[in-house]
């Protein structure tokens, strides 16, 4: 069967879906690096029910990948097999009830922090320093400045590969460093976080401090994916990279940030292969210098060319 025939067959299978289905769709514009190939299929669901409807009809052997704003993601140049599910504005609602904030997975982390501030809820200030959306923050137990998602998490709603809804309470999820034990095929839809009442001026002071620290220490407003490597136990990735002489190291138009050397920057028309090659060279040099193996924090997905 030709690719065109496969697409027609898939479109017919999905008759009744209200969201947008696109074939061979560019998705690099949805990532911070602005690199990478196309998605075989890009699906933007209209709402939660539409997402479940789609999943119930999607063949179980079709790979699926949810996508937010792509802040911690490298799409390889050969594109992504199967379906990329883009959870956008329809999944970005934020509401507050008492000490609890409910946020859709498409809500930017910074928007959730600002909502907490407006409502005088402390404990979520660290989200000001976390790039991306709530969906990614949940999946990887994102953290910054001494606080992680696990510290504020109350519950979450997710949908599985078969389109079944699951409600997860705090004791249903095991959080660890940049990881949760939620099944890989679960797609988060929304989450509830708990804050504590505090004077807004105190909350704002801490958020301003976090914003200032980011401005000073990180290469903001560049095409980067955020922290490239996880911190090894008891060590800092940036320090190992710096000690290995990698600060400013460049391959093509990709460079290790001079400002924070755990950040890789697309300084021109680099492709994903260039970015991954530089990351692997950094890993090689750190291993040679310190004997420590760095593990990628940025998620690399898709086909290599």
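What follows draws every value from the coordinates through simple rules; no lab data is involved. Here the structure is a predicted model, which means the values were calculated and not measured. As a convention, Cβ positions derive from the backbone with ideal geometry for all residues, glycine included, and neighbour counts pool all protein chains shown.
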Taking 0.36 nm per residue of separation between residue 198 and residue 235 and subtracting their Cα-Cα distance, the length gained on full extension comes to 10.0 nm
Under the 7 Å Cα-to-Cβ spin-label approximation, residue 165 and residue 267 lie apart by a distance in nanometres of 5.0
Here the residues of region 167-190 lying in the modelled label zone of residue 93, meaning backbone nitrogen under 12 Å from a point 7 Å along Cα-to-Cβ, are 190
In terms of the alpha carbon gyration tensor, root eigenvalues a ≥ b ≥ c, rounded if a/c is under 1.5 and otherwise prolate when a/b exceeds b/c or oblate, region 3-89 is oblate
For the chain the mean separation of alpha carbon contacts under 8 Å (6+ apart) over residue count, i.e. relative contact order in percent, is 18
Expected sort for 269-282, 190-203 on mean C-beta neighbours within 10 Å, highest first, is 269-282, 190-203
Quick calc, residue 56 & residue 4: beta-carbon distance into FRET formula, R0 35 Å, rounding 0.05, result 0.90
Sorted on mean Cβ neighbours within 10 Å (highest first), peptides 22-29, 235-242 come out as 235-242, 22-29
With label points set 7 Å from each Cα along the Cα-to-Cβ direction at residue 151 and residue 213, the distance between them in nm comes to 0.9
Mean Cβ-within-10 Å packing, highest first, puts peptides 133-139, 170-176, 218-224 in the order 133-139, 218-224, 170-176
Between the alpha carbon centres of region 204-225 and region 66-110 the gap in Å comes to 21
Residue-normalised 222 nm signal for the chain, counting each DSSP H run of n ≥ 4 as -39,500 (n - 2.57), nearest 500 deg cm²/dmol, is -8000 deg cm²/dmol
Fewest to most Cβ atoms within 10 Å: 167, 179, 260 sort as 167, 179, 260
Per residue, the convex hull enclosing the Cα atoms of region 176-305 spans a volume in Å³ of 171
For residue 220 and residue 22, extending 7 Å from Cα along the Cα-Cβ vector and measuring point to point gives, in nm, a value of 2.9
